[in-house]
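Inspection log for the structure reproduced underneath, given as C-alpha cells.
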Amino acid sequence: MKKALLIALILACFMVPVFAGGSSEGAAASDSITIAFIGNTTGDYAMYGVPVRNSVVMFFEQLNAAGGINGKQVKLLEYDDKADGTESINAYNLAKANGATAIIGSVLSGASIALSDVTYDDNMPQISASATNPKLTVMDPDDPKSEVKTNVFRSCFLDPFQGEKMAQYAATKYGAKTIAIFYENGSDYSEAIVQGVESQLAATGLKVVAKEAFATGDVDYKAQMTNIAAANPDVVLMPIYYGEAGRAITALRAAGCKAKIIGGDGFGSVKNYASAADLEGTIYMSGYAPGTPSVSKYEADYKAKFGEEVPNMFAPLAWDASLIMAEGLKAAETKGLKAGTAEYKQAVIDAIKGMQAFEGITGSYTFNETNDPIKSVAIIKIAGGAELFDEFF
Amino acid sequence: MTFSLLIAQLINGLQTGSVYALVALGYSMVYGIIKLLNFAHGDIIMVGAYMVYYAIASFALPPVVAIALAVLVSTLLGVFVEKVAYTPLRSAPRLSLLITAIGVSFLLENGAQLVFGADQKSMDPMITGSFMMGQVNVSYVAIVTIVVSVAIMILLSFVVNKTKAGKAMRAVSEDMGAAQLMGISLNRTISMTFAIGSALAGVGSVLYLCAYTQASPTMGSMLGIKAFVAAVLGGIGSIPGAMIGGFTIGVLEALVAAVGFSMWKDAAVFLVLIIVLLFKPTGFLGKKIQEKV
C-alpha cells in the first residue's frame, strides 16, 4: 500500500512540471513571457545559490505586480542544478521544452560555463549574476582571438577587472608611484586579480617595488611584511580574503609600514579581523555598496520577504541580472516579435549588448567585447572600525 | 638583502622561533619522561588561545588575568588528558600511547570546532608599536616574545636541575623502576611534567596570539608539528636543545620567506626533519639524551 502511494507520489512529481509547462507554452504566445532561472538551490554551495534565486524571484514578482513587460506577465520557471554542469544542461533542456525564451543562471562558474556552451548553440539569451570565470563568455580566455559566446552576459565583474580598478585607484586617487602586492599563492582568485593589476602597470605608471606571497594555510607573514616595509611602497595591494587580510594588515603595521592598503572584494567584513587602528583608512573594492540609496529599497524588500539581511553581493547582482534581462525582453516585445523565435532571442541579445551605462542597483552597466560589464566598483572605506561606502569608482 | 633587512628578518625568525621553542619544550619534557610524542600538545595551545580570546574580547578582563587563565586552563587540561588518556596506558605498548595521543588531538580539534565554532576568532593585538634600532624596525611584541621565552627557558632549567621536583623528574626519566624504588611518586612526577609542559603551552598560546591575533580550532596542528620538528632538531629530551631547535626553525622559515620562497616554508622545515632523521637522529644536543629531562 505504502509502495503504491510512493509510486503515485513520484509520478505526481513528474506530472506537475509537464502540466505546468504545457499550460505555459500555450500561454506564451498570447499574454505571458516564459523565462527560466537555473541555479543551485540545494547542495554544498546553496548559500550562494539561494540568495540569487530569491532575488530573481522577488524581481519578477514585483515586475509582474507592476504590470509586467509591455502588459505581459513574465512566467519564471525554476530549476535546481545542484551546482553540477550536467544537471544545469538537463535543466536547460527542460526549460527549453517548457517554452523558456531566456535564461538567468547559473550561479557557480563551473555549472554556468557548461550551461553557456549549450545556450550558445541555441543563441539563447543568458545572464549569470555570479560566475566570475572568464570562460563563461569566452571559449578560450588565453587566446585573444577566441570565439565569444555572444549570447551570454554577466552582471558581476571579473577578478582581473578588480585588479585593474585597484591599480587605477592607487594611481589616480592616491597619486601612488610605487606599489607592493601581497597575494595568496595558488589561489585562482588572488592570482587573477594580480594579473589585472599587472596589466595596468604601463598605463598607470605604477612600479611594483615588492611582490610577496603566502601559501594557503600559512599564518606567519612577518618575513614578507618586513620585505614590503623595507621596499617602502606608497600603496600595498592585497587581493586576498578577509581572515588572511586581517593578519596581513596586523603584521604589516607591526613591521612599521604605514602605506595605504587596497583590498579586493574578498575584504568584506575584514573589520572583524584586525584592530580598528591598524585598519584605519583601508579601502576595498566591492561589487555592491550596502545601504546606499540605489539598493536600500531592495535591501528592505529582501529582508521583509525572506526574513534575513542580504547575505552577500551576489544577491543584489542577481537583481541587476534580472533587470538587465527584463530590459532585453522589453526591447524584443516592443518590436512585436514572437517569444521563442530566433529573431526574438537575437533582439534580446542585441538590446543587452547595446546598453550604455544602464542603471542597476549596484552600478551602471555597459558590456565590453567579451560581454563582461564595464561598471563602477563600490569603494568601501574602513573608518573607526566600520566598513562604510565611500564612492563609486 | 641589506644588512638591516637581514637583522629585521632574524628578529622575525626569533619571534616565531620563540613560540616553537616553548611548544617544543613541552614535547621534549613529556618525551623525556614517558617516551610519548604527545601530539595533543599543539591543541592545548589552541585551547589556551581561545581562553585568552574569550577573556579579553568577550569578557573584557585585563590581559594579566587572561594570561593567568590561559596558563591555568592549559595546565589543567594537560594534566586531565594525561590522567584520562595516558595513565591507563602506561604499561601498554608505546604505539597505543601514540595513537591515543593522535586521537586526543582530533578530539580537542573537533571539540573546539563544536564549542567555539569553525571560524577564526580575531582580537586586537595586545602589544602594539615598534621602535627603530638603527635602521631596523623592531616591534615591541617581538622583543617581549623573545625575552619571555628565554626567561622561561632559564627558569625551567633551574627547576629541572636545582629543585627536588626537577631531580625527581630526571630520575624518573633515567630509570622509572629505580626511581620508584627510591620512593619517588611516579604518578605525581609524570603529572608534574605534563603540568609544566602544558603551562608552557599556555604561555605559548599567549605569545602566539600576540603575533597572529587569531584563534582557530586547527591552529595547533601545524604549530605542534613544527614544534615537534624543532624538538627533534634540537635533540628530543633536551631543554636547551628544544630552545635552539625552535629558534633555528623560526629563523629558517623567516629567511626562506624573506628570499621569496614563502610557499616553500613548510617544505624547508620538513626537509630539515628528514635530514636530521637521516644523518643525526639525536639532533644538535642529542648526546645529553642520557640525562633526559
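Here is a list: B:G241, B:G245, B:G237, B:G286. Which entry is of a type outside the set (S, T, N, Q), more than 14 Å from chain A (Cβ to nearest Cβ) and over 17 Å from the mean Cα position of the chain (by Cα)?
The match here is B:G286.
Being within 28 Å of A:G196 (Cα to Cα), out of contact with any Gly (no Cβ under 8 Å at 6 or more places or on another chain) and in contact (Cβ under 8 Å) with a residue 60 or more places away in the chain narrows it down to one of A:I283, A:I262, A:I324, so name that one.
A:I262
If A:S88 satisfies all but one of (1) modelled with pLDDT under 90; (2) over 29 Å from A:G196 (Cα atoms), what's the number of the condition it fails?
(1)
This table checks each residue for (1) touching a Gly at 6+ places or on another chain (Cβ under 7 Å); (2) at pLDDT below 90; (3) surrounded by fewer than 18 Cβ atoms within 10 Å (Cβ to Cβ).
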{"residue": "A:L76", "(1), (2), (3)": "no, no, no"}
{"residue": "A:K82", "(1), (2), (3)": "yes, no, no"}
{"residue": "A:A95", "(1), (2), (3)": "no, no, no"}
{"residue": "A:N133", "(1), (2), (3)": "no, yes, no"}
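A:R247 - would you say it is within 22 Å of A:I379 (Cα to Cα) and more than 14 Å from chain B (Cβ to nearest Cβ)?
Spelling it out, it is not the case that A:R247 is within 22 Å of A:I379 (Cα to Cα) and more than 14 Å from chain B (Cβ to nearest Cβ).
Return the residues of the range A:119-131 that are crowded, with 18+ Cβ neighbours inside 10 Å and in contact with a Ser or Thr (Cβ under 9 Å, 6 or more places away or on another chain); say none if nothing qualifies.
Passing the criteria: A:Y120, A:M124, A:P125, A:Q126, A:I127, A:S128, A:A129, A:S130, A:A131.
Residues that are of a type outside the set (S, T, N, Q) and within 14 Å of another protein chain (Cβ to nearest Cβ): which strands (runs of 3 or more DSSP E) entirely in the range A:119-237 hold 2 or more of them?
A:178-185, A:207-215
Only residues that are within 14 Å of chain A (Cβ to nearest Cβ) and surrounded by fewer than 24 Cβ atoms within 10 Å (Cβ to Cβ): list them for the range B:248-261, please.
The answer is B:V251, B:L252, B:L255, B:V256, B:V259, B:G260, B:F261.
List pairs: first in the range B:139-161 and closer than 30 Å to B:S173 by Cβ, second small (G, A, S) and surrounded by 15 or more Cβ atoms within 10 Å (Cβ to Cβ), Cβ under 6 Å, 6+ apart or cross-chain?
B:T145/B:S18; B:I146/B:S18; B:S149/B:S18; B:S149/B:A21; B:V159/B:G166; B:V160/B:G166
Which of the residues that make up the range B:111-147 are among the polar types (S, T, N, Q) and not in a strand (DSSP E or B)?
B:Q113, B:Q120, B:T128, B:Q135, B:T145
State the number of residues belonging to the range A:377-391 that are touching a helix residue (DSSP H, G or I) at 6+ places or on another chain (Cβ under 8 Å) and assigned to a strand (DSSP E or B).
Residues that pass the stated criteria total 5.
Can you confirm whether the range A:59-78 contains a residue that is assigned to a helix (DSSP H, G or I) and within 21 Å of the chain's Cα centre (by Cα)?
Yes: one or more hits.
Under the condition of being aromatic (F, W, Y) and within 14 Å of chain A (Cβ to nearest Cβ), which residue from the range B:1-46 is farthest from B:T248 (Cα to Cα)?
B:F3
Just for helices (runs of 4 or more DSSP H) wholly inside the range A:250-343: which have at least 1 residues that are crowded, with 24+ Cβ neighbours inside 10 Å and within 14 Å of chain B (Cβ to nearest Cβ)?
A:276-279
List the helices (runs of 4 or more DSSP H) inside the range B:1-105, counting only whole elements, that have at least 1 residues being hydroxyl-bearing (S, T, Y) and more than 17 Å from the chain's Cα centre (by Cα).
B:3-34, B:41-53
Conditions (1) in contact with a strand residue (DSSP E or B) (Cβ under 7 Å, 6 or more places away or on another chain); (2) of a type in the set (A, V, I, L, M); (3) in the same structural domain as A:S106 (by TED's automatic domain parsing), marked per residue:
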residue	(1), (2), (3)
A:Y302	no, no, yes
A:L317	no, yes, yes
A:A321	yes, yes, yes
A:G336	no, no, yes
A:A339	yes, yes, yes
A:Y344	no, no, yes
A:M355	yes, yes, yes
A:I361	no, yes, yes
A:G385	no, no, no
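All but one of (1) in contact (Cβ under 8 Å) with a residue 40 or more places away in the chain; (2) under 17 Å from A:I352 (Cβ atoms); (3) surrounded by fewer than 19 Cβ atoms within 10 Å (Cβ to Cβ) hold for A:A102; state the number of the condition that does not hold.
It is condition (3) that A:A102 fails.
For the range B:205-220, check the following and say yes or no: at least one residue is within 13 Å of the chain's Cα centre (by Cα), assigned to a helix (DSSP H, G or I) and away from every other protein chain (no Cβ under 14 Å).
The answer is yes, given that some residue of the range B:205-220 is within 13 Å of the chain's Cα centre (by Cα), assigned to a helix (DSSP H, G or I) and away from every other protein chain (no Cβ under 14 Å).
The values are calculated or read from the model by the stated rules, or taken from the named source; none is laboratory data. Note that the structure is a prediction, hence the values are computed from the model and not measured. Here Cβ is always computed from backbone atoms with ideal geometry, including for glycine, and neighbour counts include all displayed protein chains.
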